[in-house]
Structure formats: C-alpha cells, structure tokens
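Just below is one structure, and these are the notes that go with it.
The values are calculated or read from the model by the stated rules, or taken from the named source; none is laboratory data. None of the values given here were measured: they were computed from a predicted structure. Cβ: placed from backbone, ideal geometry, glycine included. Neighbour counts: every protein chain shown.
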Amino acid sequence: MFLGKSSKSKVYPPRNTSFTRTNARKFNGSCMRIGIDIGGTKIEGIALDAAGNILFRERIPTPAGDYHATVATIASLVAHIESITKNTGSVGVGIPGAMSPVTGVVKNANSTCLIGMPLDRDLAQALGREIRIANDADCFALSEARDGAAAGYSSVFGVILGTGVGGGIVIDGIPLAGPNAIAGEWGHNPMPGEVTGRPACYCGRAGCIETYLSGPGLSADHLAATGRSLPPPDIVAAADSGDPDAEETMTRYEDRLARALATVINILDPAAVVLGGGLSGIQRLYRNVPPLLPEYVFSDTVQTALLAPEYGDSSGVRGAAWLWPEHS
C-alpha cells in the first residue's frame, strides 16, 4: 500500500507548458488519454486527444532510488496535466520492467527501486482511479503500431536498442504480454552464432543479445577489437568517415543484429520490425541489415519491413497513453 511521500520526495511543481488555448477549445475531455513513462533519469507525461494529438507533454527528473517519491511525483504530474487541460483522463504507465502475474509486484526492472513493489495498486490509490501498466518496450511497439511507422501492419515487433535491449509485440493493435509477462524480451536470449568470448550479462548469463547490441555492448566490442574506447555515435561517425576499424565494428554489429532479428522473424514472422532506443538513429542499419536477413531467415524471401520510428523517444509515453484504446 502507498505510504505517502518520504522525506526525500519532491512533488512535481507547476510550470509553463506547451499546452495552448486552441487545443483546449477543440478538445473533448471525455476522450483524453494520459501516458506516463518511467525512466531511470526522467519521468515523462503526455496528454493525447481522441485523435492522438499532443495536448501536453513534460519531462521531469525521476526521484533517484526512491519508490514512494516516484509514486508521489507521478500523482502530482497527472494532477498537473489535468489542471492545465481542465480535463480528466485515463492513465497508462510504461515501466522498465513488468508486473508479475504471479506475485502482483514489479519484476525485471532496471529501475531497481520498483522491484517487488505493487506499483499498479499504489498508483491507483494515489490517483483515485484504475490505471494500466505495461513494459516500456510494449508501449513503444504499441505507439508505432497504432499511428506511427508501423501503422497498418497487422503484426509488429518493436525493438529497443539503447542502454539495454528489449522488445514488444503488437498483434492487430493489441500488445501481447504473455502468461509470464515477458513477450518480446529477446534481449536475454543468447546471441546466435557466438560461441567463444561471450560477455557476461547482469542477468547472470553470458552471451545475451543485449551484451552485443546495446550501446555499451557496441562500445565494448570496439574496445576489444581496437583498444580504443568510443561511444556509439563516435564509432558510427568514424565508420562513415572511412575508418576501417570502425567500419569493421559496425559490420559486426549489423551482422549480429540481422542474426538476432532472424530468430524473431523465424518464430513470429512479423509484418514489420520498428527500431527504437538511442541506436535506432543509426541510418546505415536500415540499408545494411535487410540484405543480410535472407542468410539467416528460414524462408525463400523476407518481406518483413525494417522501419525507423515515427515518434522517436516519445513513442514509449504515447504508447502508455494508448493502453486505453477505449474509455469505459
């Protein structure tokens, strides 16, 4: 049960926003959807009208390591959104983990203060209404499938390539969670084809897809091959400038991404794959990875589209809002 703010709590302060009176006049409040995205360093809130247009958007710092302050901050942010828009909305929340269907508390969260906590119940009590919670990768996939890059595709695999590697599955506009609440969690499957030198993963295994395809994984691979420590943007820039070592690093990365995606395509056969996360902005991936897929996919042709995200790093919070496609 939510116990209120700790002594370290910082309630969201009102501030100037991008909300306009024009939006307010046109908006039908009965259809407002509020999305909240909980990240390790920031909490983002968004309000969408019935057509998916943004009425309000704000990012605020996440109370580091403080669960009760996080709940209080979210409640304050929702109250502020409704005060600015002068409407009440449904609330969907994206988290870097999942609600366990067995224990009813958060599991698998890289924001460790959430682990073992009944976040859905605490937020429902703090907000005085039912809420919906989903994994942030599921929210990303839902946003892009609903009205983003993959709109119109019947089956979508949304990929997160960032500090970690995750994924979400949307079928006919509905996110798939699965009985274990882990559908799409491809980042902790073993990387196909890697037998030796498999890096250790924080999950306790070695050779996870995440250890190769995350941003830190890309940097670690370049360091191991060249002795030079570079962040991913610098590796990409060096490769684009003709640096042969950086080009080899990116070629390895692209081949690994193709192998990892092939395992998903062989099982799910999605109509589209949408890349998200910080590494989704690497434009060469969309040119170089699709031609590699036929070597690894068990088919005479690969029709799966590989797409860049329409909404970038706003997709997760938009997808959280779309966890309420209807309003009861």
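Within the set 286, 311, the sole residue that is out of contact with any helix residue (DSSP H, G or I) (no Cβ under 8 Å at 6 or more places or on another chain) and among the hydroxyl-bearing types (Ser, Thr, Tyr) turns out to be 286.
For beta carbons closer than 6 Å, sequence separation of 6+ or different chains, a first residue in region 213-236 that is more than 16 Å from residue 281 (Cα to Cα) and a second that is of a type in the set (A, V, I, L, M), the qualifying pairs are 222/230; 222/235; 229/223.
Does residue 178 satisfy the condition of being under 30 Å from residue 298 (Cβ atoms) and without any contact (Cβ under 8 Å) to a residue 12 or more places away in the chain?
yes
Counting only residues that are assigned to a helix (DSSP H, G or I), among the β-branched types (Val, Ile, Thr) and modelled with pLDDT of 95 or more, how many does region 102-140 have? The number of residues fulfilling the criteria is 0.
Looking only at region 29-52, residues that are more than 20 Å from the chain's Cα centre (by Cα) and in contact (Cβ under 8 Å) with a residue 24 or more places away in the chain come to 5 in all.
Scanning region 113-167 for residues that are among the basic types (Lys, Arg) and closer than 25 Å to residue 54 by Cα, we see that the one that is farthest from the chain's Cα centre (by Cα) is 129. State whether the residues of region 161-184 include one that is at pLDDT below 95, out of contact with any Phe, Trp or Tyr (no Cβ under 6 Å at 6 or more places or on another chain) and of a type in the set (Ser, Thr, Tyr). Taking every residue of region 161-184 in turn, at least one turns out to be at pLDDT below 95, out of contact with any Phe, Trp or Tyr (no Cβ under 6 Å at 6 or more places or on another chain) and of a type in the set (Ser, Thr, Tyr). Going by the structure shown, is residue 320 surrounded by 16 or more Cβ atoms within 10 Å (Cβ to Cβ), aliphatic (A, V, I, L, M) and either in contact with an Asp or Glu (Cβ under 6 Å, 6 or more places away or on another chain) or not in a helix (DSSP H, G or I) (or both)? So residue 320 fits the description; yes.
For every residue, the table says whether it meets (1) of a type in the set (D, E, K, R); (2) at pLDDT 95 or above.
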| position | (1), (2) |
| --- | --- |
| 23 | no, no |
| 42 | yes, no |
| 51 | no, no |
| 56 | no, yes |
| 71 | no, yes |
| 79 | no, yes |
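The condition of being buried (at least 22 other Cβ atoms within 10 Å of the Cβ) and either within 13 Å of residue 157 (Cβ to Cβ) or charged (D, E, K, R) (or both) holds for only one of 236, 274, 264, that being 274.
Per the listing 142, 119, 127, the residue uniquely more than 20 Å from residue 76 (Cβ to Cβ), crowded, with 16+ Cβ neighbours inside 10 Å and touching a strand residue (DSSP E or B) at 6+ places or on another chain (Cβ under 8 Å) is 142.
Residues in region 261-293 that are in a helix (DSSP H, G or I), hydrophobic (A, V, I, L, M, F, W, C) and within 18 Å of residue 219 (Cα to Cα): 279, 285.
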